[in-house]
Amino acid sequence: MAAKPRSTGEAALFELPALTRGLPEPPPVTLDPYLDAAARCFARHGIRRTSVQDVARELRVNRTTVYRQVGGVDHLARLLLARDLRRALALLPTTLDGTDGPTVVVRVLTTLVKHAREHPVAAKVLRDEPEIIGPFLTEELPDLVGRVAEVLRPLLEFAMGAGVLARRDAGVVAEWLVRIGISALLAPPPDLEGFFAEVLVPALTPESKERR
């Protein structure tokens with residue numbers, strides 16, 4: 001079932017935890033100690049320079065225990081991404097009160113990009129391991145874009161049908177939002193929210209509101 005926005009006056013505020021539907025399943029909370037230890041190691045050494053032994057040492061367990069519970073470093077990184085992406089989305093409802101239509105979209109993107117760039121592991125990769133980004137963009141990004149865009153599409157369709165956003169191809173808009181968000185994550189403009197507002201608000205404001 002598609003997520004249903006709730007209305008506040010003219011605004012349609014999405015029940016944003018539902019955005020996690022369709023994304024990779026979150027790892028069980030019992031793995032949090034392993035993921036937390038991996039995150040500390042990744043932030044300290046970088047993903048490529050972290051070994052399972054490093055994570056085991058951080059947890060004060062043996063390497064076999066880490067392999068048995070969470071696998072190798074690549075799998076640890078994927079689990080951490082799935083968990084922390086959902087945690088970031090869970091933060092969004094507290095940022096959206098009093099916003100409407102295109103402003104919701106601007107605020108969501110701004111919040112997610114800032115949160116991602118402040119994540120210790122992402123900051124380490126962007127600063128010291130740019131060589132990881134290229135393979136990710138070519139091998140992982142198309143699937144990630146498709147997954148997130150498919151989650152956004154029904155929400156955008158609802159908002160467009162309610163007259164909150166301009167009527168456009170919701171699938172194209174969803175993919176555009178994901179791609180522009182990733183671009184800003186990799187190379188953020190000086191004024192992130194101002195940039196998103198300048199680019200997105202004119203394209204997403206319904207004609208009826210433009211004429212006011």
> Of the conditions (1) at pLDDT 80 or above; (2) assigned to a helix (DSSP H, G or I); (3) of a type in the set (D, E, K, R), ARG167 fails just one. Which one is it?
Replying inline: (2)
> Filtering segment 78-104 down to residues that are among the hydrophobic types (A, V, I, L, M, F, W, C) and at pLDDT 90 or above, which residue is nearest to the chain's Cα centre (by Cα)?
Replying inline: LEU80
> Of the residues that sit in segment 195-204 and are surrounded by 17 or more Cβ atoms within 10 Å (Cβ to Cβ) and in contact with a helix residue (DSSP H, G or I) (Cβ under 6 Å, 6 or more places away or on another chain), which one is farthest from ALA116 (Cα to Cα)?
Replying inline: LEU204
>> For the list (1) surrounded by 12 or more Cβ atoms within 10 Å (Cβ to Cβ); (2) at pLDDT 90 or above; (3) under 29 Å from VAL73 (Cβ atoms), I need the number of the one condition that GLU118 fails.
In response: (1)
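Residues are listed down the side, and each one gets a yes or a no for (1) surrounded by 18 or more Cβ atoms within 10 Å (Cβ to Cβ); (2) modelled with pLDDT under 90; (3) under 20 Å from the mean Cα position of the chain (by Cα):
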position	(1), (2), (3)
ALA162	no, yes, no
ALA174	yes, no, yes
ALA184	yes, no, yes
GLU193	no, no, yes
> Any residue at all in segment 46-57 that is modelled with pLDDT of 90 or more, touching a Leu at 6+ places or on another chain (Cβ under 9 Å) and assigned to a helix (DSSP H, G or I)?
Replying inline: yes
> Would it be correct to say that THR110 is part of a helix (DSSP H, G or I), closer than 22 Å to VAL173 by Cα, of a type in the set (S, T, N, Q) and modelled with pLDDT under 75?
Replying inline: no
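The values are calculated or read from the model by the stated rules, or taken from the named source; none is laboratory data. It should be emphasised that the depicted structure is a prediction, and the values quoted were computed from it without experimental measurement. Counting neighbours? That spans all protein chains shown, and the Cβs are built from the backbone with ideal geometry, glycine included.
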